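Novice: Before anything else, here's the structure in question.
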Amino acid sequence: MILKNKNALHFFAFSTLEAFDEISHGVFTRTNGFSKGEYKSLNTGLSVGDHPSMVERNRQVIARCMDTQQLVFLKQIHKTGILILKKSDDNRSPKTHPSPFSGDAMVTDIPGKTIAVQLADCQGVLMYDPVKKVAANVHSGWRGSIANILGKCVASMTTEFGCRPEDIIAGISPSLGPCCSEFIHFRQEIPEAYWRYKNRSDHFNFWRISRRQLLNAGLLTQHIELPDICTKCNSHLFFSYRKKNQTGRFVSVIGLK
Ligand SMILES: [Zn+2]
């Protein structure tokens, strides 16, 4: 990942996705926004107790930084619902989605629509198919992970847009690392099939789980970028729920220009 600065904001870009001029993407740090206190300062979460006016201002500066008029957010619920935003549907009568849509992933081929995922330790997984020109953004926390939302999203890209998994490039955002992802109730919470991703105590490696799920979905090893940056260990740069329950949400975004 490369750290970039624009309009006084700091965001990380994936080296693999940087090659494509037709998209904008980034994983924003928590710095240089408007929110105060535990939400200091670039908080994009509307339902975490921060002032909505501050969150709105933060979202606006992020949209401006990405040169987009339409920054689309979800109501994230740790499940596997996927919002499909299609160019071909735009010409027909607009689909009535409740706004924001309740779900944890978005896929779009519409230029100008930038899709955003709010994060505090969960993974934001950005995907792009440069052949079909389709972008996706996935919120994968431990619940999404054990429900394989990543595999489901790749399947949606295939069935809805005709993408081939071997063309898809993926970047996994900074998120809770194996150093900090302790699950003391793992016997109740995490299916046994995933216990091989656990170390000798009760720390799980969700980075490896995501990589395996993307490979199983048909992505190529060299198309998966995993920067190994733990949000809890770097809570000065990223909001971390494990570090402090009452906190903001940083954001990962991707969109076709
Ligand atoms: Zn850590």
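Novice: Cβ neighbours within 10 Å, averaged per peptide: list 38-46, 59-67 in order, most packed at the top. Walk me through the numbers before you get to the answer.
Specialist: Details: 38-46: 22.0, 59-67: 17.7.
Ranking the peptides 38-46, 59-67 by packing returns 38-46, 59-67.
Novice: What are the residues whose amide H is under 5 Å from the amide H of residue 12, where those residues sit 5 or more places off or on another chain and H is modelled from the backbone?
Specialist: 4, 27, 28, 29
Novice: How long is the gain from residue 64 to residue 4 if the chain were fully straight, where each residue apart is worth 0.36 nm and the alpha carbon distance is subtracted?
Specialist: Numbers: separation 60, 0.36 × 60 = 21.60 nm, distance 1.49 nm.
So the chain would gain 20.1 nm between residue 64 and residue 4.
Novice: Another question, then. What's the exposure ranking of 122, 230, going from fewest to most Cβ atoms within 10 Å?
Specialist: Arranged by neighbour count, lowest to highest, 122, 230 become 230, 122.
Novice: Scan around residue 181 for amide H atoms under 5 Å from its own, H built in the peptide plane at 1.01 Å from N, and keep only partners 5 or more places away or cross-chain.
Specialist: It is 204, by chain and number.
Novice: Okay, moving on. Okay, which of segment 23-45 sit inside 17 Å, backbone N to the point 7 Å along the Cα-Cβ direction of residue 236?
Specialist: Once the point is set 7 Å along Cα→Cβ of residue 236, 29-33, 40-42 turn out to lie under 17 Å by backbone N, inside segment 23-45.
Novice: Measure of size requested: the Rg and Dmax of segment 2-79, with Cα atoms as the atom set and Å as the unit; please supply both.
Specialist: 13.3, 38
Novice: Let me ask something else. Once both labels are modelled 7 Å past Cα along the beta-carbon direction, what's the residue 212-residue 228 spacing in nm?
Specialist: If labels sit at residue 212 and residue 228, their model points lie 1.9 nm apart.
Novice: Of the peptides 11-17, 78-84, how do they stack up when ordered by the mean number of other Cβ atoms within 10 Å, highest first?
Specialist: Packing proxy ranking, top to bottom: 11-17, 78-84.
Novice: Which whole-Hz ³J(HN,Hα) couplings does segment 212-220 yield from phi under the Karplus relation 6.51 cos²θ - 1.76 cosθ + 1.60, θ = phi - 60°, glycine and proline marked x?
Specialist: 4, 5, 5, 5, 4, 6, x, 6, 8
Novice: By how many nm would the segment from residue 18 to residue 31 grow when fully extended, if each residue of separation counts as 0.36 nm and the alpha-carbon distance is taken off?
Specialist: 2.5 nm
None of the figures in this text is laboratory data; all of them are computed from the coordinates on show. Here the structure is a predicted model, which means the values were calculated and not measured. Using ideal geometry, Cβ is built from the backbone for each residue, glycine included, and neighbour counts are taken over all protein chains shown.
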